[in-house]
Structure formats: C-alpha cells, structure tokens
Amino acid sequence: LLLLLNMGMVALNGNDWSNKTTIASQLMQQKLEELRSTLKFSNGSDTAQGMTREWRVTSEGSNLQKIDITVKWMDINNRSMNSSLTTYVKADSV
C-alpha cells in the first residue's frame, strides 16, 4: 500500500511539472509573438496564470534584437522553477 501511495505522488508531481512547463512554453511564445508583431522591443515583466514572465531585449547591431524571456513558477512541492527562451529578431528599418 505504501508503494502505491509513493507511485501516486510521483505521478502527481509529473503531471504538475508537465502542465506547468506547457503553460510556461505557451506564455513565452505569446510574448515573443507580441514583441515581434508590435516591434516594441522593450524590457518588462508581468504575471499570467500564476506565473511571472520577464523579458529582456538587447540590441545586437543593425536592426538585430536579442530577446530573452523567462517564466517562473512554484511547483507542487513549493520549489521555484523556471523556463527560458532566447531568440534573435531582425527588424527591418522603416
């Protein structure tokens, strides 16, 4: 019986991790698309779905922007977790 209880806890932890990393990936992709579509390359942070999202934009040369996006959350065991994304965007001059 104790073994089954332990297996149940492992399954709950795995499900929570999977759910939270999926949400974090979606939040990072949404912010990236927003930054690319508006061409408003500025730093910032916000909170969505109980997660903190931060983004930093740095100029890497002529019309090239480096975008770092990090999403942070607390897991089911109250441990701090995060996922991050880094990409480069070339914005043609208008």
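The values are calculated or read from the model by the stated rules, or taken from the named source; none is laboratory data. Predicted, not measured: the structure shown is a model, and the values here were computed from it. No Cβ is skipped: glycine too gets one built from the backbone with ideal geometry, and neighbour counts run over all protein chains shown. Side chains are part of the model used for accessible areas, which takes the heavy atoms of the whole protein and leaves out ligands, DNA and RNA. Shrake-Rupley method; radii C 1.70, N 1.55, O 1.52, S 1.80 Å.
ASN13 is checked against (1) modelled with pLDDT of 90 or more; (2) open to solvent by 30 Å² or more (accessible area, probe 1.4 Å) and fails just one. What number does that condition carry?
In the conditions (1) modelled with pLDDT of 90 or more; (2) open to solvent by 30 Å² or more (accessible area, probe 1.4 Å), ASN13 misses (1) alone.
Which of the numbered conditions does VAL57 fail, given that it passes all the others? Conditions: (1) out of contact with any strand residue (DSSP E or B) (no Cβ under 7 Å at 6 or more places or on another chain); (2) at negative phi.
With (1) out of contact with any strand residue (DSSP E or B) (no Cβ under 7 Å at 6 or more places or on another chain); (2) at negative phi applied to VAL57, the lone miss is (1).
Quick one: THR58 ticks every box in (1) within 30 Å of GLY8 (Cα to Cα); (2) more than 13 Å from the chain's Cα centre (by Cα); (3) free of Cβ contacts under 8 Å to residues at least 60 places away in the same chain bar one, so which box is it?
If we test THR58 against (1) within 30 Å of GLY8 (Cα to Cα); (2) more than 13 Å from the chain's Cα centre (by Cα); (3) free of Cβ contacts under 8 Å to residues at least 60 places away in the same chain, just (1) comes out false.
For GLY44, only one of the following conditions fails: (1) over 12 Å from the mean Cα position of the chain (by Cα); (2) within 28 Å of MET9 (Cβ to Cβ); (3) surrounded by 11 or more Cβ atoms within 10 Å (Cβ to Cβ). What is its number?
(2)
Go through the residues of the stretch 16-32 one by one and say whether even a single one is part of a loop (DSSP other than H, G, I, E, B), surrounded by 11 or more Cβ atoms within 10 Å (Cβ to Cβ) and out of contact with any strand residue (DSSP E or B) (no Cβ under 6 Å at 6 or more places or on another chain).
no
With the requirement that a residue be among the small types (Gly, Ala, Ser), assigned to a loop (DSSP other than H, G, I, E, B) and open to solvent by 40 Å² or more (accessible area, probe 1.4 Å), what does the stretch 62-94 give you? Write out each step before concluding.
Of the stretch 62-94, the ones among the small types (Gly, Ala, Ser) are 62, 80, 83-84, 91, 93.
Checking which are assigned to a loop (DSSP other than H, G, I, E, B) leaves us with 62, 91, 93.
Residues satisfying the conditions are SER62, SER93.
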